[in-house]
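First comes the structure, then the notes that go with it.
The values are calculated or read from the model by the stated rules, or taken from the named source; none is laboratory data. A quick note: this is a predicted structure, and the numbers were derived from the prediction, not measured. Cβ: placed from backbone, ideal geometry, glycine included. Neighbour counts: every protein chain shown.
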Number of protein chains: 2
Amino acid sequence: MGSALKIEALEFARGANVSVLATGSGAKRVNARVMQIVKVDDDFTVWYSTYGASDKISELKNDPRTCVIMSNYKVMTDLRFHGTTEIITDQKTKDRLWQDEWTRYYPKGKTDPNYTILKFTPGEVEFRNMNKYGMEAKKLK
Amino acid sequence: MGSALKIEALEFARGANVSVLATGSGAKRVNARVMQIVKVDDDFTVWYSTYGASDKISELKNDPRTCVIMSNYKVMTDLRFHGTTEIITDQKTKDRLWQDEWTRYYPKGKTDPNYTILKFTPGEVEFRNMNKYGMEAKKLK
């Protein structure tokens, strides 16, 4: 992986704020939703928080394979990831990622039973900056 | 469908420029990509152009069920559609939607065999404007 390109892609991911997380397989229809990004690790692991009773939880239990898109039309740049998403309920991780403003979603705070973490681990990372590199995506992983 | 809300959602869709189109089912993994929007009809039918040899074409032949997301983080607004996508190769439709700048993708112009139209017909439309209406999406269809 070209490390200058990796740094560029990582900066883009960390500035993205939101992503689209697509799930669904088997007999089920495909589904997707906009999700706020909590954290992006150096290896492009993406962390989200979600409500425990949401559709995506049952979809991920059925099939953890996920596609994640981060994009910014203004700079003609996007990232596409294929990987798997784990549902994390471990309190240590929940404490580590907790943000105080989330009490509006989880009134009981970091121990609220509905507060759930999703950990997306990418197997493939494709980065596209159309202004700089044209239509073709660069495979980073 | 509340018509004021429908107009608001339609304006948002027509200003979105791009969307994420998610495909894939059966044994296949879920896939998604950023796509430029060509046109949005009054009933939220969405028109795209695509290269005939792309992955999405084979995915859509396998299962036409599709989820489309349009979102703008700055205004905390998004649209989610569930529906089906048809692959259109009819020359009349291709002529009608053709844009001259596309010769960079399809050098032979509107009769280029790789120039293909996708027509997405939504069965469900969910509109969310978090600043105005909170976290809950409004079902428009």
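Here are a few things to note about the model shown:
- Qualifying positions in the range A:100-141 - part of a strand (DSSP E or B), out of contact with any Lys or Arg (no Cβ under 7 Å at 6 or more places or on another chain) and under 18 Å from A:ASP41 (Cβ atoms): A:LEU118, A:LYS119, A:PHE120, A:THR121, A:GLY123
- Those residues of the range B:77-89 which are over 13 Å from the mean Cα position of the chain (by Cα), farther than 19 Å from A:CYS67 by Cβ and in a strand (DSSP E or B), in sequence order: B:THR77, B:ILE88
- Residues of the range A:114-133 classified as hydrophobic (A, V, I, L, M, F, W, C) and free of Cβ contacts under 8 Å to residues at least 24 places away in the same chain, total: 0
- Counted residues, the range B:86-129 - those being within 21 Å of B:LEU10 (Cβ to Cβ) and either within 13 Å of chain A (Cβ to nearest Cβ) or modelled with pLDDT under 95 (or both): 8
- The residues on offer are A:ALA22, A:ALA9, A:ALA16, A:ALA4, and the sole one that is of a type in the set (A, V, I, L, M) and modelled with pLDDT under 95 is A:ALA4.
- Count of the range A:90-112 residues which are out of contact with any helix residue (DSSP H, G or I) (no Cβ under 8 Å at 6 or more places or on another chain), polar (S, T, N, Q) and surrounded by 12 or more Cβ atoms within 10 Å (Cβ to Cβ): 1
- Test: A:LEU79 is buried (at least 17 other Cβ atoms within 10 Å of the Cβ) and closer than 18 Å to B:ASN72 by Cα: yes
- Residue in the range A:97-112 that is within 17 Å of A:THR23 (Cα to Cα) and aliphatic (A, V, I, L, M) present: no
- Within the range B:69-82, the residues that satisfy the criterion of being closer than 16 Å to B:ALA16 by Cβ and either at the interface with chain A (Cβ under 7 Å from one of its Cβ atoms) or not hydrophobic (A, V, I, L, M, F, W, C) (or both) are B:ILE69, B:SER71, B:ASN72, B:TYR73, B:LYS74, B:THR77, B:ASP78, B:ARG80.
- Single match in A:THR84, A:THR66 (criterion: surrounded by 14 or more Cβ atoms within 10 Å (Cβ to Cβ), of a type in the set (Ser, Thr, Tyr) and out of contact with any Lys or Arg (no Cβ under 8 Å at 6 or more places or on another chain)): A:THR66
- Of all residues in the range B:19-60, those satisfying the criterion of being among the hydrophobic types (A, V, I, L, M, F, W, C) and surrounded by 18 or more Cβ atoms within 10 Å (Cβ to Cβ) are B:VAL20, B:LEU21, B:ALA22, B:VAL30, B:ALA32, B:VAL34, B:MET35, B:ILE37, B:VAL40, B:PHE44, B:VAL46, B:LEU60.
- On inspection, A:LYS74 passes the criterion of being assigned to a helix (DSSP H, G or I), of a type outside the set (A, V, I, L, M), out of contact with any helix residue (DSSP H, G or I) (no Cβ under 7 Å at 6 or more places or on another chain) and modelled with pLDDT under 95.
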